[in-house]
Amino acid sequence: MRFLLTTALFATALALPLLAALTRPTAAAPAGAPAAAPPATAPASAAPASGGGLAFPFPVKDKTLANGLRVYVVAYDSPGLVAYYSVVRTGSRNEVEPGKSGFAHFFEHMMFHGTEKYSLDAYNAAIKEMGADSNAFTSDDLTVYHILAGKAALPKIVEIESDRFQHLHYQEADFQKEARAVLGEYNKNASNPLEKMTEVLYDHAFTTHTYKHTTMGFLKDIENMPNEMAYSRQFFDRYYRPDNIVILVVGDADPDTVFKLVETNCGDWKAGDKHPAIPVEPPQKKEQRAELGWPGATLPMLVEGYHTPAFSTTNVDLPTLDVLAELLFAERAPLYKKLVITEQKVEAISGSNDAHVDPNLFTVLARIKKPADLAYVERAIHDEMAKVAKDGIDDKTLREVLSHVKYAFAGQLSTADKTAYTASSFLALTGDLASINSYFALYDKVTSADVKRVAAAYFQPTNRTVVTLKAGK
Amino acid sequence: MLLSSVLLAAAATSSRAVAAPAKPPTKVAGIRTVILPSPGSPLCAIRLFFQVGAVDDPKGKEGLAALTAEMIGHGGSKPRSYAELLDALYPLAGELRVYSDKESVVFEGTVHRDNLARFADLLADQILSPRFAAEDFSRNKDDALDFITKTLRGNADEELGKQAMATVLYRGHPYGTPTQGTVAGLGAITLDDVQKFYATHYARDRLTVGVAGGIPDGFAEAFAKRFAALPAKAPPLPKLPAPPAYKENQLLVVQKDARANAISIGHSLDLTRKDADFYPLTVARSYLGEHRTFNGVLMTHLRGNRGLNYGDYAYIENFIQDGWTTFPLPNIPRRQQHFEIWLRPVPPQNSLFALRAALYETDKLIRDGIPEAGFAATKTFLANYANLWAQDVSRRLGYAIDAAVTGKDVVKELRARLPKMKKADVDRAVRKHLTLGGLSIAIVADKAQALADKLASDAPTPITYDTAGTPPDVVAEDKIIERFPIPLSKDAVHVVPVEQMFEHAP
């Protein structure tokens, strides 16, 4: 399961899972290399969840205030350091009103514009004084604000974070300038064709649900953002409420101290009202397709999306889809070897099952060397999917995939910050940190028969959306 | 102020986990070896650092060092084909990463300690007995060519702007072409060239072995010893020419379809981490534009006050972001460095204003010096922030290797020097090393010729706001910025269609 595909960006929309998928770290693209590595003194218990071990092995304490604000403190051996994450369980999924796509992400930017007590400059000065690594990101289902700093800064962190979450205060002039910084973010992404492909994929795959638009939003809505000051107040009032937020502290922190600090600073914060309902996506009846041109040099590309169920800790179809992503598209996969190594028609190929609160997509991405091979590659992908649905897989391969998934997850918990980052997506999905271990326990139930059944059920042409892109207008 | 002193104390106590000083590097079988054991860690990291890179590329074969590195890391070995390597790595969840730059090639991997021995065997085979198969050569060469001709030219304007700026700043210098090579250079490289390059350059005197994490006793030494099988000596690292000393500003506008204009600005520097002035200049750099933070002057004034773009930063070393983190990739040391300003894409109607605004702010720093308050805040910031640079065992190892290779542990140096540093030290270093004369400026633009003509004409380039409520002091400053001089002579302006970029070494 791909939870969050990239680590925290600077006030950045992360609605583009496909963008992260092809950043193979090579000399050709050294900036794309994710750093997965351990802390100096992580507990030995952070072993992969094999032989009954837990995927998330750290001691956890939690407390829920009367207003619904939940606080988790995870003991992680990072002496002197704490990662402080505020997880708002709202993202672009909640952009239900027409013309408001991209608003959750824009609002994330506005959260840095100060309060009457801490102006924008005073907030930034406090962060600078801590020497903190501080940032925020937004995705379909969440908005996360995070600070990594020395443990002595914890009281100040709780104070300034609680203050802005309750008393955000900005002027229209600042609001308008920040709207143009968001347009700047769209502009910086615009030279990457995957941005456009992702936008078109979700727009075609969804008719009704808000997953139809990316977290960045439609350009026309971004351009109109300076005019939405009144709506921004409504957005804050609606979603920035204690019962919609989880605070997660990972590292060298005493749970009781954290609970007390949060209670002192957030105890009077009022719970919110019910959120507007998210429209339900009806089943897709036939294959959707779009062909795009690109006004410059590019390799041809293919993306596909297959509708999948909502995240759950009880539905074995979800870990089975994760296993299928590995079986079909990992570097060990026969398809990868055929297309990338033997035939060399494809430069890179990947597949991912993206965890979401509501039903979303299993996505496939291929970067192909010649336009003439687009159709061939698409057919090869579909043939391989059909083959798994027909023949299933042997137990040895399944065990290898499970070993890989578990070791890879252990690798993601290599620092306090990365652990908090990984955990934040589960908090957005369920509100419950225990869902990590519940979900990983489901992997042990995946059988070869499940692999066969799930491939047959979801990789249907009628369930598919295909977007291709080639150089040319 | 109370807060900062508490935080500094906290940072000092946290150094055990986040930035423990490296043991002095040792020699194992004549090979420099850096060992950082963390017995409690479930994960282990290996970095094999070769002081080999694009500076070793023969003329006309630009890209040979990087392609050789790819053939070693992403090709087969004598015991197994590349497909078999992928099969072997998969259950370990071990990825073998390859990073190439001008004077460095790094093979890196982090695995669970359960899988360390197997991963180390695979890695050693890749380095010691590469297969150099024809099918691996065609695949890796295609990847490099596609990176130049498709990704850089058509899919990544910000990277294009940075690389374009380097072609000007380092014209006629080995740093002046993309590490991946040029179209002509890659076209000329044969598999035989790769094999010969490996045989001559992958030698013990260019290698540093780094091992860290939950490693068993004796593992690191035994692992390092395996590389005694490499030849003792490579040719000496080539001498670097001086970068061109431009008397006038140079402008390169790259013509391509673009919604907004990516901008990179730079000039060469005569200092590296080895020099005392590097550290006060680090404070100035951070004050002007710390990478991906809100607190730099460029960020505050261009994005914050004016909404010009998404971000604006300054550097005094070649900077490659490590994945999706905020921090620099370690192990890309260069013997020569440069000052760089990166402006993320600006809408065309405001891009020349943004360029002028960035130079206006830099000029203010050079002329007026760093303000006392900004100096104090930046010192405090860096003293704490530097402790976050090496949080995990692979990055810690990377920093320890950099310290061994360059002779300076940058975190340790900052920690020692910041408390004693004075504002006057920063101002003096800024005046000595930063200049607005002889800049190399690259802009990626759709209407490239018109943009170049406009800048060369010296006409004002006012900002166009489509937002209300800009404060009067900002509007007043806009009037100064729109006329900020960027002298350009006709000969120093070049407009190049993107299709012609990176064809040959300039």
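Every number in this text was worked out from the coordinates using simple rules, so none of it is lab data. From a predicted model like this one, the values you see are computed outputs, not experimental measurements. Here the Cβ is made from the backbone with ideal geometry for all residues, glycine too, and neighbour counts use every protein chain on show.
A few remarks follow.
- FRET efficiency, 1/(1 + (r/R0)^6) with R0 60 Å, evaluated for A:LEU292 and B:ALA373 via beta carbons: 0.75
- Overall shape of segment B:24-229 was characterised from the C-alpha gyration tensor. The equivalent ellipsoid obtained from it has semi-axes of 30, 18, 17 Å, in decreasing order.
- Cα Rg, Dmax, segment A:288-471, angstrom units: 17.2, 49
- In loop segments of segment B:90-142 as defined by DSSP, there are no chymotrypsin sites (Phe, Trp or Tyr not before Pro) with at most 16 further C-beta atoms inside 10 Å of their C-beta.
- Set B:LYS454/B:LYS490; A:LYS338/A:LYS369; A:LYS473/B:LYS141; A:LYS188/B:LYS256 screened for pairs whose C-alpha atoms are more than 18 Å apart: A:LYS473/B:LYS141
- Column: log10 I(q)/I(0), Debye, Cα scatterers of chain A, q = 0.06, 0.13 Å⁻¹: -0.26, -1.28
- Proxy reagent accessibility, fewest Cβ within 10 Å first, across B:ARG80, A:ARG89: B:ARG80, A:ARG89
- In a DSSP loop and with at most 16 other Cβ atoms within 10 Å, the GluC sites (Glu not before Pro) in segment A:255-340 are A:GLU287.
- Amide hydrogen neighbours beyond the local backbone of A:THR115, cut-off 5 Å, H modeled: A:LEU120, A:HIS169
- Net dipole in debye of segment A:288-471 [+1 Lys, Arg Cβ; -1 Asp, Glu Cβ; about Cα centre; nearest 20]: 480
- Shape of segment A:343-429, Cα gyration tensor, a/c cut at 1.5: prolate
- Dipole of the protein assembly as shown [Lys/Arg +1, Asp/Glu -1 at C-beta], most positive-end residue of A:VAL357, A:ALA455, B:ALA442: B:ALA442
- Distance in nm between pseudo-label sites at B:GLU477 and A:LYS470 (7 Å out along the Cβ direction from Cα): 5.1
- Positive minus negative residues near B:LEU434 (Lys, Arg vs Asp, Glu; Cβ under 10 Å): +2
- Here's the picture: charge each Lys and Arg Cβ at +1 and each Asp and Glu Cβ at -1 in the protein assembly as shown, and of A:GLY392, B:VAL393, A:PHE329 the one pushed furthest to the positive end of that dipole is B:VAL393.
- Inter-label distance, nm, simple model (7 Å from Cα along the C-beta direction), A:GLN344/A:LYS285: 4.7
- Segment A:LYS61-A:GLN460, length gained on full extension (0.36 nm per residue, minus Cα span): 139.3 nm
- The gain in end-to-end length when the A:ASP395 to A:THR264 segment is fully stretched comes to 41.8 nm, 0.36 nm per residue minus the alpha carbon separation.
- Segment B:250-500 - Kirkwood radius from inverse mean 1/r over Cα pairs (Å): 19.1
- Kirkwood-type hydrodynamic radius, chain B: 24.1 Å, calculated from all non-identical alpha-carbon pairs.
- Dimensions of the protein assembly as shown from C-alpha coordinates, computed as largest minus smallest value along each principal axis and given longest first, are 72, 70, 58 Å.
- Alpha-carbon centroid distance for the pair segment B:190-236 / segment A:393-429, whole angstrom: 32
- Here the alpha carbons of segment A:138-185 define both size measures, Rg and Dmax, at 14.1, 37 Å.
- Once backbone amide H atoms are built at 1.01 Å from N, B:LEU36 has B:VAL211, B:ALA212, B:GLY213 as its partners under 5 Å, excluding neighbours fewer than 5 places away on the same chain.
- Quotient of Cα Rg and 2.2 N^0.38 Å for segment A:66-192, N being how many residues it contains: 1.14
- Within straight-line cross-link reach of A:LYS156, aspartates and glutamates at Cα separation under 17 Å, skipping those fewer than 8 residues along the same chain: A:GLU116, A:ASP121, A:GLU129, A:ASP133, A:ASP252, A:ASP254, A:ASP256, A:GLU263
- Distance violations [Cα-Cα > 30 Å] among A:LYS418/B:LYS196; A:LYS285/A:LYS390; A:LYS100/A:LYS270; A:LYS177/B:LYS162; A:LYS212/A:LYS396; A:LYS196/A:LYS406: A:LYS418/B:LYS196; A:LYS212/A:LYS396; A:LYS196/A:LYS406
- Cα-projected label distance for B:ASP446 with A:GLU116, points at 7 Å along beta-carbon direction, nm: 4.6
- Restricting the calculation to Cα atoms, every distinct pair contributes to the Kirkwood radius of segment B:73-129, found to be 11.7 Å.
- Computed from the alpha carbon positions, the gyration tensor of segment A:258-313 leads to an equivalent ellipsoid with semi-axes of 45, 21, 13 Å, biggest first.
- Segment B:379-444 versus segment A:319-372: alpha-carbon centroid distance in Å: 41
- The slack between A:LYS274 and A:ALA449, meaning 0.36 nm per residue of separation minus the straight C-alpha distance, is 58.9 nm.
- Pairwise FRET efficiency - A:GLU223 versus B:ALA468, Cβ, R0 = 22 Å, nearest 0.05: 0.90
- Spatial separation of Cα centroids for segment A:64-99 and segment B:79-157, in angstrom: 37
- Considering helices alone, the calculated mean residue ellipticity of chain B at 222 nm is -11500 deg cm²/dmol, with DSSP H runs of length four and up weighted by -39500 (n - 2.57) and normalised per residue.
- Under 19 Å from the Cα of B:LYS420 - lysines, other chains or at least 8 residues apart: B:LYS274, B:LYS379, B:LYS408, B:LYS412
- Charge dipole (debye, nearest 20) of chain B; +1 at Cβ of Lys and Arg, -1 at Cβ of Asp and Glu: 1480
- Coil-residue GluC sites (Glu not before Pro) of segment A:93-133, DSSP, other Cβ within 10 Å capped at 10: A:GLU116
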